[in-house]
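Worksheet for the structure shown next.
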């Protein structure tokens with residue numbers, strides 16, 4: 001997929017831009033898309049940027065039968081000075097290859113794909129909203145397109161990238177969400193695919209999520225095992241903050257045990273918190289001692305902490321919302337109330353959010369920010 | 001999806017028939033396909049039979065991102081007198097609706113879809129191979145086609161049916177297969193989707209199956225839990241036959257505990273064996289007492305029976321091979337040898353196979369056989 005072989009066909013009928021105020025996540029797409037075909041014998045073909053439009057797929061294409069699909073979610077941010085950047089895109093390229101290996105789809109040169117994605121963003125640069133909290137959501141996808149319905153590594157595949165301008169996750173300021181602690185259905189299990197960003201992790205969650213919504217909760221909090229270990233939320237990783245007897249805050253997130261997606265935001269939160277904890281860096285406005293731990297957490301522990309007043313906060317971390325505070329968790333017929341402060345956030349989520357958004361939008365210089373255009 | 005609204009557009013360039021001897025499973029497709037669109041507001045649209053050809057799908061179609069797909073596998077058999085029949089197709093229609101509910105895809109009138117499938121088969125009737133052991137494999141598929149990458153019940157879907165002429169699973173007579181007892185990867189887990197015929201159950205098995213193949217085994221035998229319970233093979237359900245101290249044969253299959261696909265062949269085997277056991281009917285050539293049990297079986301039990309000489313046989317049951325005898329199972333670095341007789345089969349698999357194939361091909365009259373054309 002050599003970027004030097006890129007062929008660009010510009011649209012002759014550019015679409016009108018959707019007003020930023022009426023953007024709905026994942027509904028509007030830019031003028032162009034990137035496609036790169038793969039074939040078992042010849043490998044990756046020439047990349048093409050063409051007008052956004054339908055794909056022609058044989059009805060026997062294996063993605064349609066056996067769910068041979070994986071994807072990534074990343075964002076391009078417009079800085080106040082007009083520059084455009086991506087946030088740690090190398091992490092997405094690496095994870096996409098890890099996902100590909102797990103379901104026997106072809107791997108690729110992550111640096112080359114990133115360069116091609118930058119070209120696509122530059123071409124559709126005017127689609128990146130200028131308003132605060134807005135961005136361009138980028139969706140690289142890799143599908144098996146073998147024209148024969150055998151269950152095996154496909155002999156044909158297609159990598160495509162589409163882009164969607166998106167508004168802020170919380171247009172009216174932070175709004176904490178309610179999660180439904182779910183143990184009757186699962187998202188992942190040991191030996192399964194929970195640690196990979198595969199399509200197969202999503203379809204099975206739609207029906208349980210409908211049930212959660214009917215009960216007044218926004219998302220499922222997937223619990224594992226008879227101990228009801230917290231895992232993740234499907235669209236976000238989870239963090240819990242406890243206050244220890246000596247006043248230290250303990251930031252806890254479940255370990256990457258094979259059932260949890262290794263989120264880019266998760267990794268960034270841990271990295272910032274650890275650097276703060278080690279004194280290498282100061283999280284803005286955070287005082288007191290901080291301990292950072294990757295360890296299993298049970299619902300019992302969350303419940304006990306809530307009752308004893310040592311539960312400080314619980315929040316999700318992901319590309320869509322960056323940080324998403326939780327104010328209650330439905331569990332075994334009752335609601336566990338999670339503290340939130342007046343702005344909807346908490347003592348640790350607030351500085352983490354400020355720092356992450358600052359780094360994403362160029363307000364805080366960081367080598368996590370990768371420039372796409374000056 | 002009213003059959004009375006069916007619109008048929010016949011191909012103007014029929015393809016040459018593939019010689020039966022060179023058929024490879026799932027590679028050749030007939031001249032026509034059936035498509036039925038669904039839309040949240042208006043429901044199922046008019047069914048259409050059109051020339052077999054590519055589907056046009058938006059790159060944002062949810063099937064390509066979140067694996068919103070399910071399918072069925074069924075076969076049309078040509079009888080010696082030229083009649084064509086399906087085998088228990090009502091079971092497939094029912095299961096397809098069960099699958100749809102599990103991932104929030106639209107359900108449908110199974111009788112109506114069956115009628116439409118019959119029309120498709122009649123139109124492509126000349127594609128059904130005449131040779132013994134051959135058939136027309138029918139693949140109804142239902143995909144989410146919403147043009148927006150949100151994880152939710154899709155507002156658009158497409159049901160399509162394609163047909164593929166197939167040869168016998170064992171062209172040179174029965175050949176027992178070797179299975180790889182797999183516990184390091186899983187196919188299903190409690191609370192998951194193992195009991196539904198969804199695309200998501202297949203992509204994750206491709207890489208483990210590659211590993212099994214590299215070690216000399218044909219398929220993974222998926223084991224569950226620390227007890228290593230036998231579950232199924234991914235393309236087949238499993239049956240084990242033990243000889244009890246009094247000489248009775250015990251036919252055992254794991255129960256439908258939510259992790260196992262409720263196979264049509266599995267149900268048929270159980271039904272025939274139970275009727276034999278109850279004296280309502282005589283399995284051809286089977287003498288002696290038979291006990292039929294749905295109960296959990298561990299690898300330890302299979303291993304012990306192999307060592308003590310009470311393991312009679314182990315076989316898979318599915319639409320593709322009907323009955324597939326197993327002659328060894330790789331387990332914890334060793335091979336458990338499973339008895340097979342000179343023809344590759346065993347005392348129970350042989351009469352079951354004979355009876356099932358007889359009923360499928362019209363040689364043995366049965367209400368399981370549903371005529372498509374006279």
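For this structure, a couple of remarks:
- Helix A:203-214 vs. chain A, principal-axis angle (Cα, 0 to 90°, nearest 10): 40
- Axis angle, to the nearest 10 degrees, between helix A:89-102 and the longest C-alpha principal axis of chain A: 80 degrees.
- The order of the peptides A:93-100, A:228-235 by mean Cβ neighbours within 10 Å, most packed first, is A:228-235, A:93-100.
- Inter-chain shielding of A:52-58 (mean C-beta neighbours from other protein chains, 10 Å cut-off): 6
- Pairs of alpha carbons in the stretch A:1-112 whose separation is greater than 17 Å (percent): 70
- Label-to-label distances for residue A:40 across copies, nearest first, come out at 3.9 nm, using points 7 Å from Cα in the beta-carbon direction.
- Shielding of peptide B:21-28 by partners, expressed as the average count of other chain Cβ atoms within 10 Å per residue Cβ, is 3.
- When every Cα-Cα distance of chain B is counted in 20 angstrom steps from zero, the calculated P(r) takes the values 27, 57, 16, 0 percent.
- Pair-distance distribution P(r) for the stretch B:89-153, from all Cα-Cα distances in 5 Å bins starting at 0: 3, 14, 20, 18, 16, 12, 9, 4, 2, 1 percent.
- Computed log10 I(q)/I(0) for the protein assembly as shown at 0.07, 0.10, 0.11 Å⁻¹: -0.54, -1.05, -1.22, from the Debye equation with unit scatterers placed on every C-alpha and solvent omitted.
- Length-normalised contact order for chain A - Cα pairs under 8 Å, 6+ apart - percent: 18
- Angle between chain B longest axis and helix B:110-123 axis [Cα atoms, degrees, rounded to 10]: 80
- Between A:246, A:124, A:267, the GNM of chain A built on Cα springs shorter than 10 angstrom shows A:246 fluctuating the most.
- Every helix of 4 or more DSSP H residues in chain A counts as -39500 (n - 2.57), and over all residues that averages to -6500 deg cm²/dmol at 222 nm.
- Take each residue in B:68-75, count the other chain C-beta atoms within 10 Å of its C-beta, and the mean is 3.
- The stretch B:163-280, relative contact order in percent, only Cα pairs under 8 angstrom and at least six apart counted: 25
- Counting from the shortest, the label point at residue B:169, 7 Å from Cα toward Cβ, is 4.7 nm from the same position in each remaining copy.
- Each other copy holds its own label point for residue A:246; taking that point as 7 Å from Cα along Cα to Cβ, the gaps run 7.1 nm, nearest first.
- Remark on the stretch B:159-244: hydrodynamic radius 14.9 angstrom, per the Kirkwood mean of 1/r across alpha carbon pairs.
- FRET efficiency for residue A:341 and residue A:210, using Cβ-Cβ distance with R0 set to 41 Å, rounded to 0.05: 0.85
- Cα gyration tensor, the stretch A:237-374 - rounded (a/c under 1.5), prolate or oblate: prolate
- Length-normalised contact order for the stretch A:201-247 - Cα pairs under 8 Å, 6+ apart - percent: 22
Throughout, read-outs are computed from the coordinates displayed, never taken from laboratory work. Quick caveat: nothing in here was measured; it's all calculated off a predicted structure. Backbone-built Cβ (ideal geometry, glycine too); neighbour counts: all protein chains shown.
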